[in-house]
Each structure stands twice: as structure tokens, then as C-alpha cells.
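Here the structure is laid out as C-alpha cells; the discussion comes afterwards.
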Amino acid sequence: MLKQAEAEAPIEACGILAGSDSKVEKLYKMTNADKSSDHFMMEPAEQFKVVKDMRSAGLKMLAIYHSHPATPARPSQEDIRLSLTPDVTYMIVSLRDSSCPAVKGFLIENGNVTEVPVKIIDQ
């Protein structure tokens, strides 16, 4: 996620994390169709392909991620409004401090935002 966010800055990078038992097994880099620095929209054809791949691999969508190239790792009002996928964590990678990028996870349901712990394991 971090490498993608850095490579795609100053536009917002986005993608999907899939796995099982709350452990990410696969990262799907997606295209930000809007090519915007303050908004992302995944390509529908890519989303369909990813969902199909997850199903065939027996994986579950665990998180939707995107980057904030210049703002903190917290959901914007637009992020909250567009968080329509239930039972997933919304991950935000902030590049605001390029020497110390931040990654945070959030559950967003009915406009309510709850930060959840994120454990990143290098492999």
C-alpha cells in the first residue's frame, strides 16, 4: 500500500485487501478512475474482476484502502459518506509527513467512525 501510495502521489492511490481470518493474503491495486489528489473512485470493471478473483480463491474482502497524499490518516466527510461496503475496514495511508507515513484503519457504519488497530507484518 505504501509503495503504491508513494508511486501514485500526488493522486490518491486505492485498492482492496483480501484474506481470511482477519489476515490479509492478497493486495489488489486498483486504478483511481478520477485521477484526483483528494478523491478516489475505483474502476468498476476492475472491481468486478477482483471480486470474481476473491471468490474463486476463497478469500473475503477485508479492507478497502486509499491514500491521502497531503492530509492526515483519518476519514474525510466524503470518505464517510461513500463508505457503503459493510463489514470491511477502511484503511487510509497518509503521506502528509513523507519521512513518517501513517497507516490507520477504521470501521465506518451509518456515519459513525471507529478507529481499529492495524498490525503490519513484514514478510
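One table, with the values for the structure above:
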read-out: All positions within the stretch 90-109 that are in contact with a strand residue (DSSP E or B) (Cβ under 8 Å, 6 or more places away or on another chain) and of a type in the set (S, T, N, Q); value: Ser94
read-out: Residue check, Ala33 at pLDDT 95 or above and either of a type in the set (Lys, Arg) or under 14 Å from the mean Cα position of the chain (by Cα) (or both); value: no
read-out: Any hit, the stretch 42-65, residues being touching a residue at least 40 places away in the same chain (Cβ under 8 Å) and among the small types (Gly, Ala, Ser); value: yes
read-out: Subset of the stretch 88-123 (residues that are charged (D, E, K, R), assigned to a loop (DSSP other than H, G, I, E, B) and either touching a residue at least 40 places away in the same chain (Cβ under 8 Å) or surrounded by 10 or more Cβ atoms within 10 Å (Cβ to Cβ) (or both)); value: Arg96
read-out: Residue count, the stretch 82-120 (criterion: over 15 Å from the mean Cα position of the chain (by Cα) and under 23 Å from Pro10 (Cβ atoms)); value: 5
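The values are calculated or read from the model by the stated rules, or taken from the named source; none is laboratory data. Worth saying up front: this structure is predicted, and the values here are computed from it rather than measured. Cβ sites come from the backbone with ideal geometry, for glycine too, and all protein chains shown count toward neighbours.
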